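Notes to accompany the following structure.
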Amino acid sequence: MKFSVSSSALLSLLATTGKVISNKNTLPILDYFLMELKGDQLKVTTSDLETTLVGQITVDNVESEGMIAAPAKQLLDSLKEFAEIPLTIDCNDQTFEIKLNWKSGSLSIPGASAVSYPALPALAEDKKELTFDVDTLVNGINKTIFATADDELRPIMNGVYINIEPASITFVATDAHKLVKYSSEQPSELTAAFILPKKPANLLKGMLLKEEAPVKVSFDSKNVLFNLKNHTLVCRLIEGSYPNYNAVIPTANPNKVLIDRIELVNGIKRVAVCSNPATNLIRMDIADNKINLTAQDIDYSMSANETISCSYDGQSITIGFKSTFLVEILSNIETPTVVIELADSTRAGVFKPVYDEKQSSDTLMLLMPMMINA
C-alpha cells in the first residue's frame, strides 16, 4: 500500500476516529487504526467492540492498494509534529512496516496484520430506517446528554432515549435527580425507540457540527448505524425498557417564576461558595416577586444570601436544590428568560425556556428538590 496525502487531512481523520479507542482495550489490535486503501479512498476504522467509527478521505498518487493495522498512539504522536506538508506513506504487506516520507526526512513505525481486526457489525434484515434533520439530532443530543447517569447498576440510564413517533422525535435523559426532555416536530413513518449510549452520542455531537445534509439512521434491536458524509458510526444499543419519564413530570405546578436566567445562574454561583460541600444545598425563598437565595455551611460558620427580582405568580414557597444541578440545568437553556414551575417543597421543579415566537421544538428540564433542615 503506497500513496500520498496531506499531513493535516490525515491527522484530522485520525484524531476524529481515534476518539473511539479505549484506554482499557481487551484486545491488543483495538489499539490500532485499521487503514484500507481502495482506489483513491483511504478508509480508517477504529473500534472498542461496542462502538465502531469509519472515516474516509481522498488521497493522491496511489501506487498500490492494501490494508494494514497502524498503531494509533505512535501515528498520532508523529503526525502532530508536522506542519501542513505532503506525506508519502508506504506500507510493507510482508513485514507490516509503515514508512512516512516527506521532503526532508522519513520515519518508520511497526504496523500489524489487519486480519484479526473485528468486522463491522451487520444490522438485521428487518432493520428500521429514517432520516434525521441535522439540527434535530444536534439539539436533541446537546440538550440532553448532560443529564445522563453513570450508573453501573442501571445501564439504561447511561444513554439518551430517542423516541420516534409519526409527528415528532423526542430525546430524553435522566439520572433520577434531573431529567431533560426535548421534542422536535419531525414527520416520520416510524414508531420506534432506542437508547443511544453516552460515548457514541458524544462522538456524534462533535461530528454533526460539520454536517449539512440530513443524516440517515438505521437500527435494529441491538445496533444503530449513523451514515454521515465522510463517516459511518455503528454502536451497540443499551438494551432494556426506559423508565416511564412522563409519569414523573408534574402536570399541575401552579407557582410560576419568570426570571432572568444569567442573573439567576450568577447569583447561585456566588451564594454556592458558602454551601455545605457534601450537599451543595441552596435554599430558595420565593415570594413578592423576589427570590432569596441562601446557602450555609454550619461546620465552618459560613453563610451567604442574595435577593433577585423576578415575576412570580403563586403562593410563597421555600424549596431547596443542589446548586451544581441548578447551574447545569440553567446553563443548558439558551434563552435569556426562564420559567420555573413549582408545586411545593417536596415535588420536582420544572424549568422551561421562554421564547418570543412559537417554536417547532419543546424543551423541558426537571430537577428533584432536596430536603431543607429547618
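Please treat every number below as a calculation from the coordinates, not as lab data. Just so it is clear, the structure is predicted and the values come from calculations on it, not from any experiment. Every residue, glycine as well, gets a Cβ built from its backbone with ideal geometry; the counts of neighbours run over all protein chains shown.
How high is the relative contact order of the range 249-367, in percent, counting Cα pairs under 8 Å that sit 6 or more residues apart?
In percent, rounded to a whole number, it is 29.
Given the options SER331, SER106, SER168, which has the most mean-square fluctuation in a GNM of the chain, springs set between C-alpha atoms less than 10 angstrom apart?
Answer for the Gaussian network model of the chain: SER106.
For the range 80-204, what is the relative contact order in percent, using Cα pairs closer than 8 Å and at least 6 residues apart in sequence?
Here the relative contact order equals 17 percent.
What list do you get for LYS103, LYS269 if you sort them by fewest beta carbons within 10 Å?
Arranged by neighbour count, lowest to highest, LYS103, LYS269 become LYS103, LYS269.
Got a sec? How would LYS199, LYS127 order by Cβ neighbour count within 10 Å, fewest to most?
LYS127, LYS199
Taking just the alpha carbons, could you work out the radius of gyration and Dmax for the chain, both in angstroms?
25.4, 80
Pick from THR51, THR279, THR337: which residue has the top mean-square fluctuation in a GNM of the chain where Cα pairs under 10 Å get a spring?
Of THR51, THR279, THR337, the most mobile in the Gaussian network model is THR279.
Note down the net charge around ALA295, summing +1 for each Lys or Arg and -1 for each Asp or Glu among other residues with Cβ under 14 Å from its Cβ.
Result for the neighbourhood of ALA295: 0.
May I have the extent of the alpha carbons of the range 249-367 along their three principal axes, as whole Å values ordered from largest to smallest?
49, 27, 25
Along each principal axis of its Cα atoms, how long is the range 2-110 end to end? Whole angstroms, biggest number first, please.
38, 27, 25
When the expected Rg is taken as 2.2 N^0.38 Å, what fraction or multiple of it is the alpha-carbon Rg of the range 262-301?
For the range 262-301, the normalised Cα radius of gyration is 1.20.
Do the alpha carbons of any pairs in LYS19/LYS222; LYS80/LYS205; LYS80/LYS143; LYS210/LYS358; LYS2/LYS73; LYS143/LYS199 sit beyond 25 Å of each other, and which pairs?
Where the Cα-Cα span goes over 25 Å, the pairs concerned are LYS80/LYS143; LYS210/LYS358.
By count of other Cβ within 10 Å, fewest leading, how are ASP297, ASP77, ASP362, ASP126 ordered?
Arranged by neighbour count, lowest to highest, ASP297, ASP77, ASP362, ASP126 become ASP126, ASP77, ASP362, ASP297.
Quick one: divide the alpha-carbon radius of gyration of the range 128-247 by 2.2 N^0.38 Å and tell me what you get.
0.98
Quick one: which of 133-145, 208-220 comes out on top by average Cβ neighbours within 10 Å, and what's the full order, highest first?
Those peptides, ordered most packed to least, come out 133-145, 208-220.
Do you know the relative contact order of the chain, to the nearest whole percent, from alpha carbon pairs under 8 angstrom that are 6+ apart?
After rounding, I find 12 percent.
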